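Contents: one structure, followed by commentary.
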Amino acid sequence: MSTTADLITALKAELKSAGVTYADLARELGMAESSIKRVFAKRDMPLSRIDEVLRVLKMDFAELARKVADSQPLRRELTMEQEKAVIADRKLLLMAICCLSQWTFEQVVATYALTEAEGVKYLAQLDRLGVIELKPMNRYRLKVAKTFRWHPKGPVMHYFRQHVVADYYAGGFDGEGELLMLVHGQIGRSLAMQFNERLARVAQDFAQQHLADQKLPPEQRRPYTLVLGMRSWLFAAFRDLKRDEGAPLP
């Protein structure tokens, strides 16, 4: 829930956006400007006073609360317990992935064998887990960041390694818009992080394009799955051929 300090921070931002100074606000509320400054500096204000400021801004409390919610920091990971809850139900995992891909409720139940009642149940579970904020009419707001990822050694990635990886790589990657590349090399350790950042930007570009293309008719869209990875690794079939770590490289 929002704290009073969060509400006051949002009020200050709205006052600035509306071009309302503390002097203007003091005049509207019949208070001294110094009193207004002191209240905002202490970041403590009764709800009755917040309502008075909202009246000046021509806003209602629900709108302010939405702005506070939208400004809250987003999750980059779930806890292990939250991931276990997601992976415990195959349909819940499906709904989570659809939400992360910004599908509408209508798209999900039209595409997959989920009843509306099941869909609502799974949205409510994701709300309780902190993945989304469920809104009226089965709309939702993601509470995870664009850089969100499943924990590398968590239960969801374990599930994907067991059940998804072989299925994904079994394809020929030779269809329209498909590509598979394996590039090996040795680079400086400091540069490895730079490449990771570039790959993260590619993933973000892909996610943003997905959102932008939702306005296209369905026949002009096709589902794609982008997998990015980079690690210091030696193929298992070659490991027994490797010399001791202390041996000089050829």
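The values are calculated or read from the model by the stated rules, or taken from the named source; none is laboratory data. Source: prediction; values computed, not measured. A quick note on method: Cβ atoms are made from the backbone with ideal geometry, for glycine too, and the neighbour counts reach across all protein chains shown. Just the protein is used for accessible areas: all its heavy atoms, side chains included, with ligands, DNA and RNA removed. Shrake-Rupley method; radii C 1.70, N 1.55, O 1.52, S 1.80 Å.
Picking from residues in segment 128-177 that are of a type in the set (S, T, Y) and out of contact with any strand residue (DSSP E or B) (no Cβ under 9 Å at 6 or more places or on another chain), the one that is nearest to Q204 (Cα to Cα) is T147.
In segment 173-182, the condition of being loosely packed, with under 10 Cβ neighbours inside 10 Å and at positive phi is met by at least one residue. Considering segment 132-212, the qualifying helices (runs of 4 or more DSSP H), each wholly inside and each with 2 or more residues that are in contact (Cβ under 8 Å) with a residue 60 or more places away in the chain, run over 155-163, 189-212. Looking only at segment 79-128, residues that are closer than 14 Å to W150 by Cβ and open to solvent by 50 Å² or more (accessible area, probe 1.4 Å) come to 6 in all. In segment 1-48, counting only helices (runs of 4 or more DSSP H) that sit wholly within it, the ones holding 3 or more residues that are among the charged types (D, E, K, R) and open to solvent by 60 Å² or more (accessible area, probe 1.4 Å) span 33-42.
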